[in-house]
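*Asks:* So that we are looking at the same thing, I have put the structure below in structure tokens.
Here, each number is a calculation from the coordinates, and none is a lab measurement. Since the model is a prediction, treat every value here as computed from it, not as a measurement. Counting neighbours? That spans all protein chains shown, and the Cβs are built from the backbone with ideal geometry, glycine included.
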């Protein structure tokens with residue numbers, strides 16, 4: 001697949017949502033980090049993700065698609081009727097990503113991965129295929 005889905009985020013109103021997904025699906029959720037970001041490892045293969053609490057506390061789901069050139073895809077998205085929600089943004093040493101809305105208003109994201117040893121885990125969120133052993 002030329003542009004695979006590599007990460008998901010389930011935004012919640014509080015960190016209680018992390019506990020919900022732990023209990024219901026037996027996911028490992030690690031929020032031991034300065035941002036209390038709940039890194040999800042399903043321990044089952046497939047796509048891992050995150051369960052953050054955004055500043056606006058609005059629940060939503062975000063899917064991340066890996067691309068090689070964020071700016072090229074930004075132009076392609078806008079030409080096809082989508083719009084930019086967040087321009088390319090870098091988390092140093094981890095990932096560069098952007099968010100967009102499709103013509104129906106669904107928010108999505110695409111990323112260009114920059115794996116780091118501190119970030120990568122067995123099947124790390126946002127690792128796509130780059131960090132996996």
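*Asks:* Rank these for me by crowding, 27, 110, going from fewest to most other beta carbons within 10 Å.
*Replies:* Listing 27, 110 from fewest to most nearby Cβ atoms yields 27, 110.
*Asks:* Okay, next question. Full-extension gain between residue 13 and residue 61, please, as 0.36 nm times their residue separation minus the C-alpha to C-alpha distance. Provide the component values of the computation, followed by the final result.
*Replies:* Values: separation 48, 0.36 × 48 = 17.28 nm, distance 1.23 nm.
Extra length available between residue 13 and residue 61 comes to 16.0 nm.
*Asks:* So for 9, 90, fewest C-beta neighbours within 10 Å to most, what's the order? Intermediate results must be reported in sequence, preceding the final value.
*Replies:* Values: 9 21, 90 12.
Going from sparsest to densest Cβ surroundings: 90, 9.
*Asks:* State, in angstrom, two size descriptors of the range 5-113 derived from its alpha carbons: Rg to one decimal place and Dmax to the nearest whole number.
*Replies:* According to the Cα coordinates of the range 5-113, Rg and Dmax are 14.6, 43 Å.
*Asks:* Sort 20, 73, 97, 25 by Cβ crowding within 10 Å, fewest neighbours at the top.
*Replies:* Numbers: 20 15, 73 19, 97 23, 25 11.
Going from least to most buried by this count: 25, 20, 73, 97.
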